[in-house]
Amino acid sequence: STVRRCLDKLLRYRPSAQRFPIIVSQECGHAEKARVIASYGDAVAHIRQPDLGDIPVPAEHRKFQGYYKIARHYRWALGQVFRTFRYRAAIVVEDDLEVAPDFFEYFQAAFPLLLADRSLWCVSAWNDNGKEQMVDVGQAELLYRTDFFPGLGWLLLAELWDELEPKWPRAFWDDWMRQPEQRRDRSCIRPEVSRTMTFGRKGVSHGQFFDQYLKFIKLNDRFVPFTQLDLSYLKKEEYERSFLPKVYAAPEVRVEELQGNRRRELGAVRLQYSSRGSFQAFAKTLGVMCNLK
């Protein structure tokens, strides 16, 4: 069961059982997976979703039954964390994720920012375009604000769950999170170099994007002492004051100029798109994620 690979890394890198209790919420009735989870004893809390039955779905969504079950499980599991266990915050980790050595350090440092800056609504360990040739591994400490909800190892506060729970969707919860009605002009913090990687080629999405993007994501392997760094540059006003001038000071180039090794020579540049179509064409040329969702 894949959950062992995930849990072994979480337990290896966890700095404190008191500060980071691990709750494993099992959605399936898979007996072998339950045995694996039970083998960890008191190191984790094991909870099981009580309702495993099929969900009535529209005829055209019959093949998406799995997505409905995932959304139901998220709602139940997060409800347990925030309503029953009454935690202040939670980091959501799927069972097909492997975490970096500084995974907990990263979230511990970003947590106060999330509390203080109401223009933030989450912190994610994932860079959607974090392929090895596209990130600067020499700047593993670099963090950004993004208007995109990355997911794949992410931190939320109980207050956000209070807001989302009453309107939680029946399916496709992560696409739903990316809609303006949920985001409400808020941003998420994400790293230059991912603090999670997914090994989940098999799953409800049947490996969509896995072979093209996800398996190439670089997992950070150098411990960054984030709690000793000044992360105030990520507050909205400071970030916009420094980041926006950098963007517009960068020379605008055509996509043809970014072929092969040429992009390394050019340094920071700006590529401007004008439509969904031009974005997808640029993304395809550069090998970045072109999924408009």
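Points worth noting:
- Residue among 284, 236, 215, 293 that is basic (Lys, Arg), surrounded by 14 or more Cβ atoms within 10 Å (Cβ to Cβ) and modelled with pLDDT under 95: 215
- Test: residue in the range 52-67 that is assigned by the TED database to the domain that holds residue 182, buried (at least 19 other Cβ atoms within 10 Å of the Cβ) and under 21 Å from the mean Cα position of the chain (by Cα): yes
Conditions (1) modelled with pLDDT under 95; (2) surrounded by fewer than 19 Cβ atoms within 10 Å (Cβ to Cβ); (3) in the same structural domain as residue 199 (by the TED database); (4) in a helix (DSSP H, G or I), marked per residue:
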| position | (1), (2), (3), (4) |
| --- | --- |
| 112 | no, yes, yes, yes |
| 115 | no, yes, yes, yes |
| 118 | no, yes, yes, no |
| 121 | no, no, yes, no |
| 133 | yes, yes, yes, yes |
| 141 | no, yes, yes, no |
| 145 | no, no, yes, no |
| 148 | yes, yes, yes, no |
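- Residues that are part of a helix (DSSP H, G or I), open to solvent by 70 Å² or more (accessible area, probe 1.4 Å) and within 24 Å of residue 292 (Cβ to Cβ) within the range 245-274 comprise 256, 263, listed in sequence order.
The values are calculated or read from the model by the stated rules, or taken from the named source; none is laboratory data. Here the structure is a predicted model, which means the values were calculated and not measured. Note that we place each Cβ from the backbone using ideal geometry, even for glycine, and neighbour counts take in every protein chain shown. The accessibility values were calculated without ligands, DNA or RNA, using every heavy atom of the protein model including side chains. Shrake-Rupley method; radii C 1.70, N 1.55, O 1.52, S 1.80 Å.
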